[in-house]
Every structure is written in structure tokens, then in C-alpha cells.
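All remarks here apply to the structure that follows.
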Amino acid sequence: MENQMARPTRSVLYIPGSKERALEKAQGLACDAIIFDLEDAVAIEEKEHARSLLAMTLAGADYGSRMKIVRINGLDTKWGAEDIATFARAIKDGAKVDAILIPKVSTPADLDAVARMIPDVPLWAMMETALGMLNANLIAAHPRLEGMVMGTNDLAKELQSRFRPDRLPMQAGLGLCLLAAKAHGKIIVDGVYNAFKDDEGLKVECDQGRDMGFDGKTLIHPAQLAVCNAAFAPSEAEIDLAKRQIAAFEEAEAAGQGVAVVDGKIVENLHIVTARQILAKAEAIAALGS
Ligand SMILES: CC(C)(COP(=O)(O)OP(=O)(O)OC[C@H]1O[C@@H](n2cnc3c(N)ncnc32)[C@H](O)[C@@H]1OP(=O)(O)O)[C@@H](O)C(=O)NCCC(=O)NCCSC(=O)C[C@H](O)C(=O)O
Ligand SMILES: [Mg+2]
């Protein structure tokens, strides 16, 4: 929870590393984090171009406080090793990269392999294989891991499941990864909503992810930012309730009581922890100015 307090990750926008205009536009978009993608969003014939364009962009462009995450190709592809070598060099030379995101992580050994090749940079894991779901606890425990990203498209492909607005087929995987991330204090963001012109469907999925406890959601288009930022920020009602709970609890404590009652519901010490987290998150978002 510490990471999340310090740096909101409500909206995490994918940008194909090959798209110069999108790379430029993102410097002014209201996203908390960016995944600069070299993997599935980049066509095979553009892989090398995307890698060098991205390394050059991250050496010079100003993405402000947005977290900058580079998604490499897997080490089982012909581009993975050179992606890592390029960004290890670029970071050494001053390129601003906050984390390297590894696709299709199935075991902690997948993280070890990259960790050996690029020291000192936090690693993030795409959680998108059936084996990855089953190993989520071991993956989340990895000392170099900072964050997890649900890859619901690849997971659906492996499961041979069908899209449902309630995401019933995804629930086991989402739940396992969420439990693992929370148990080990890592950031975890939800998968993408493919229908980028369907704001209503996006809102339903954002609300579900927020209700479950995700720290934010990955997105594929700038048009999805506003809905997502709103869904993952504390609402006015939540902020108001948190303040009233803290005040009521402090009053109860001063009177020698361990429990207060607000809006007909009990408030104990543990609820105050949540209330303070809500206020801290609201403050961190306000400090971003978006
Ligand atoms: C989905 C898109 C291909 C749509 O692109 P396009 O037709 O160009 O959209 P628009 O014309 O509506 O774009 C309007 C302007 O916005 C800019 N733009 C578009 N997308 C982005 C973006 N992602 N980031 C920044 N800026 C963006 C355009 O340049 C236009 O700008 P302007 O010229 O000023 O008008 C496209 O959105 C896209 O490629 N999205 C990303 C797709 C992607 O990254 N996919 C891979 C990740 S999903 C995944 O695989 C997750 C996981 O691994 C899993 O398994 O689930
Ligand atoms: Mg994927």
C-alpha cells in the first residue's frame, strides 16, 4: 500500500512504441502511468524501429510525474534480449524509465532471467498465463517485483473463455493475482477493456476492478482516461465518510470507547486505517493536479 499512497496508478495507458504521434501526445495526457509497448502492440516488421524510437524518446521527452514503464518482448522471442540490452544502456545514459514490464510471466524464474540482465530497475510482471495465475504468490514475492498487470486478453486466449460483462471466467485468475499482490505489498492493475468507444461498458468494468481492490486499470486509448481516473479515485462521498469516521472514532476514543457508530454502522480501529488510506490517496491525486 505504501507505493500506491506515494504514487497513484489509477490509469495506466499502453502506447505502441512504434507510434511517434501517440508517444508525443502522451506527454500531455491525464494518465498516472504509461506502458511503452514493444510487445503485442508492435508489428513484427516494426520491432527494431520501435525499440530505437522508444529509447531515443525516453532519453529526451518530458512525461512529468507519469510513471514510465517499458514492456519488452519475452526472452523466448528474437527481440527480448536486445530490448533489455538497449534499455539497460539507455537507463545508464540517463533515459527516464521507472520499470521494465515482462510479458507472460509464468514462474519466478522468468523474473530472475531479466533481473540478471538489467540491475537496479524495478520489474513489473504481466499476469496473463494459466501457469502465472497458479504461481501468482511466488511471482509476487520476488524481491525485484514492484507491480503486476493483468493481461486479460492473453488469459482469455489460454482459457478459451468468452467475454462476459461480469467477467465471470476471469474471476479466479483476477482473485489469485489480487490476493498475491496484496499479500506481498505490490501494486496491481487490472486488464484492458477492448471496446474503447464503449464508455458505459468501460465504467462497469472499472467499477468492478475498483470494488475488487485493484489499484487502477490498464487502458488502450486516451478516450478511456476520464472514466478510469474517476472510478479509481476516492469519491466525494467516500472522502466525506472517511473524515466523519475519523472524527467519530477520535471522539469515542477520548471517551474511553473502542467503537464509534457512523451512519448506523460500527467504526473500529481497522476502519480508521482504511479511512486514512482514502484520504492519503485523495491527497496524492490532488497533488497531481488531474
Ligand atoms: C486502438 C488504436 C489502434 C486506435 O488508434 P487510432 O485509430 O489512431 O485512434 P484515434 O484516431 O481515435 O486517436 C485519436 C488520437 O489519440 C492518439 N492515440 C490513440 N491511441 C493512443 C494511445 N494508446 N496513447 C496515446 N495516444 C493515443 C492518436 O495518436 C490520435 O492523436 P491525434 O493525432 O492528436 O488526434 C490505438 O489507440 C492503439 O494503438 N492503442 C494501443 C493498443 C495497444 O497498446 N495494445 C496492446 C496492449 S493491450 C494488451 O495486449 C494487454 C495484455 O497484454 C493482454 O493480453 O490483455
Ligand atoms: Mg498480453
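The values are calculated or read from the model by the stated rules, or taken from the named source; none is laboratory data. Since the model is a prediction, treat every value here as computed from it, not as a measurement. Note that we place each Cβ from the backbone using ideal geometry, even for glycine, and neighbour counts take in every protein chain shown. Accessible surface is based on the protein model in full, side chains and every heavy atom, while ligands, DNA and RNA are left aside. Shrake-Rupley method; radii C 1.70, N 1.55, O 1.52, S 1.80 Å.
Structure above, values below:
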{"read-out": "Amide H contacts of K217 (H built 1.01 Å from N, under 5 Å, at least 5 apart or other chain)", "value": "S11, V12, D190"}
{"read-out": "Structure-based [θ]222 nm, the chain - -39500 (n - 2.57) summed over DSSP H runs of at least 4, per residue, nearest 500", "value": "-14500 deg cm²/dmol"}
{"read-out": "5 angstrom amide H check on H184, placed H, neighbours 5+ away", "value": "none"}
{"read-out": "GNM flexibility winner over the chain from V105, V227, V149 (Cα, springs under 10 Å)", "value": "V227"}
{"read-out": "Distribution of pairwise C-alpha distances over the chain, 10 Å bins, in %", "value": "6, 27, 34, 21, 8, 3, 0, 0"}
{"read-out": "For the chain, share of DSSP beta bridges that run antiparallel, in % to the nearest 5", "value": "10"}
{"read-out": "Cα centroid of the stretch 235-272 to Cα centroid of the stretch 102-170, whole Å", "value": "38"}
{"read-out": "Built amide H within the under 5 Å cut-off of M127, gap 5+", "value": "V149, M150, G151"}
{"read-out": "Rounded percent of accessible protein surface that carbon and sulfur make up, the stretch 185-270, 1.4 Å probe", "value": "54"}
{"read-out": "For the stretch 12-86, with +1 on Lys and Arg beta carbons and -1 on Asp and Glu, the positive-most of P16, T57, N73 along the dipole", "value": "T57"}
{"read-out": "Spatially close lysines, pair count over the stretch 25-184: Cα under 21 Å, gap of eight or more or interchain", "value": "13"}
{"read-out": "Size of electric dipole in the stretch 236-288: Cβ of Lys, Arg +1 and of Asp, Glu -1, about Cα centre, debye, nearest 20", "value": "100"}
{"read-out": "S65 accessible area, 1.4 Å probe, all protein chains in place, Å² to nearest 10", "value": "70"}
{"read-out": "Listed residues L159, L202, L54, most fluctuating in the chain (Gaussian network, C-alpha, under 10 Å)", "value": "L159"}
{"read-out": "Extension reserve of the A6-S235 stretch, reckoned as 0.36 nm per residue once the Cα distance is removed", "value": "80.6 nm"}
{"read-out": "For the chain: relative contact order, % (alpha-carbon pairs under 8 angstrom, 6 or more apart)", "value": "17"}
{"read-out": "Reciprocal mean inverse distance between Cα atoms of the stretch 236-288 - Kirkwood radius, Å", "value": "11.3"}
{"read-out": "Cα-derived Rg over Rh, computed across the stretch 131-290 with Rh taken as Kirkwood radius", "value": "1.03"}
{"read-out": "Of N73, N229, N153, the one that fluctuates the most in a GNM where the chain has Cα springs shorter than 10 Å", "value": "N153"}
{"read-out": "1.4 Å probe accessible area per residue over the chain, in Å²", "value": "47"}
